[in-house]
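Notes for the one structure printed next.
The values are calculated or read from the model by the stated rules, or taken from the named source; none is laboratory data. The structure presented is a predicted model; accordingly, all values stated were derived computationally and were not measured. Cβ coordinates were reconstructed from backbone atoms using ideal geometry, including for glycine residues, and neighbour counts include every protein chain displayed. Surface accessibility is based on the protein's heavy atoms, side chains included, excluding ligands, DNA and RNA. Shrake-Rupley method; radii C 1.70, N 1.55, O 1.52, S 1.80 Å.
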Amino acid sequence: MPRVSVIIPTHNRPVLLAEALTSLLAQTFTDWEALIVDDASTTPVTIDEGDKRIRVLRHSSSQGGAAAKNAGIKDASAEILAFLDDDDLYAPQYLERALGILDRNPNLDVVFMGVSWFGTAGSWGQRNYDEAMAKTLALAQGKALEEGVITFGDRLLDALLKSVPMAFQRPVVRKRALERIGPYRPDCLLWDCDWAISAALNASTAFLPDGLYLQRAEGQGYSSRGNRRLEHLASSIEIKDRFLQNAHHGLYPQRLIPQFRKAAAMAWFDLAWHHYQQNNRRRAFGALWASELRQFSLPHLKLLVRLMLPNKSL
């Protein structure tokens, strides 16, 4: 049995997939298996049969990245799981560093891995990532687990309800912890973000800041393109409202309801502001009303004034 299973969802990216596999083959830690989940690529994925550590699972019809990850999780042999998108890379010490942290801390469930950006938009991605991580870590108020590694308490949940930077979408996780965290949700566009929030709720977590996960930024992402802004806002609302409803139904402690209510209200306000900027005042008013129903906010009502005074600003 290998120590770690690396799950690689892929769809119609043979050249990028080859680069991802090359970075995996270059790992300083070699006791791994790779499960390539071919999500119905037009040309089925084939691999060199010489390396028995690499297997291919294939979907007959495309089911999306979340379902592909879940399929890999189900078929994984190892007790530790790592994930690599087909358009990204691992730095050579990625697996060695992650498994070292888990081995030295047996009560730890998840290690979130730091990200470095590369590609034509890499500098822009890195700058935005660094700013987002600084805000999230300040809110999370983690403490040193060991040299160069941060562990978190309850405040990580509040931080991720506001924003889920890319590092928190890059976990290395014990398989046993997935019973508490749950699988990835194929019906959720922001399924990596949703999973990270669930991990903050249900698992012990840590963060390795070193940018060992290499994130490509060349406009190749399926769900990260700017024209999907409205879909992202809608997915964020669905996530926050669902956590709020689950807390009301007793699936989470009642003390968390105010946090979820505040997060849901903010998600609806973000949608209201988006519609306002698009000059769609009817939809802006509806989203603002939904926000205020979840949590009254006097500052947010400034938007109501703008909606009632067309073509005027405060």
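Of the helices (runs of 4 or more DSSP H) contained entirely in region 234-314, those carrying at least 2 residues that are modelled with pLDDT of 90 or more fall at 257-277, 281-294. Ile101 fulfils the conditions (1) modelled with pLDDT of 95 or more; (2) of a type in the set (A, V, I, L, M, F, W, C); (3) out of contact with any Ser or Thr (no Cβ under 9 Å at 6 or more places or on another chain); (4) open to solvent by 20 Å² or more (accessible area, probe 1.4 Å) except for a single criterion, (4). Among the residues of region 30-43, write down those that are assigned to a loop (DSSP other than H, G, I, E, B) and open to solvent by less than 40 Å² (accessible area, probe 1.4 Å). Result: Asp39, Ala40, Ser41. Only one of the listed residues (Arg185, Arg282, Arg216) is among the basic types (Lys, Arg) and more than 21 Å from Gly72 (Cβ to Cβ). That residue is Arg282.
Do we have any residue at all in region 233-242 that's closer than 30 Å to Leu145 by Cα and either surrounded by 22 or more Cβ atoms within 10 Å (Cβ to Cβ) or not hydroxyl-bearing (Ser, Thr, Tyr) (or both)? Yes.
If you go through region 7-45 and keep only what is in contact with a Gly (Cβ under 8 Å, 6 or more places away or on another chain) and among the aromatic types (Phe, Trp, Tyr), you end up with nothing. Given the structure, is Gln126 open to solvent by less than 60 Å² (accessible area, probe 1.4 Å) and closer than 17 Å to Gln215 by Cα? So Gln126 passes the test. When restricted to residues that are of a type in the set (S, T, N, Q), closer than 18 Å to Leu81 by Cα and open to solvent by 70 Å² or more (accessible area, probe 1.4 Å), region 13-29 contains 1. All of Ala159, Ala144 fail the test of being open to solvent by less than 80 Å² (accessible area, probe 1.4 Å) and under 18 Å from Thr205 (Cβ atoms), apart from Ala159.
Got at least one residue in region 197-213 being at pLDDT below 95 and of a type in the set (Asp, Glu)? Break it down into steps so the answer makes sense when it comes.
If we filter region 197-213 for residues that are at pLDDT below 95, which is where we start, we get none.
No, region 197-213 has no match at all.
Picking from Ala20, Ala71, Ala26, Ala66, which residue would you name as being of a type in the set (Gly, Ala, Ser) and in contact with a helix residue (DSSP H, G or I) (Cβ under 8 Å, 6 or more places away or on another chain)? I'd like the intermediate steps shown before the answer.
On the way: Ala20 fails: in contact with a helix residue (DSSP H, G or I) (Cβ under 8 Å, 6 or more places away or on another chain); Ala71 fails: in contact with a helix residue (DSSP H, G or I) (Cβ under 8 Å, 6 or more places away or on another chain); Ala26 fails: in contact with a helix residue (DSSP H, G or I) (Cβ under 8 Å, 6 or more places away or on another chain).
Exactly one residue qualifies, and that residue is Ala66.
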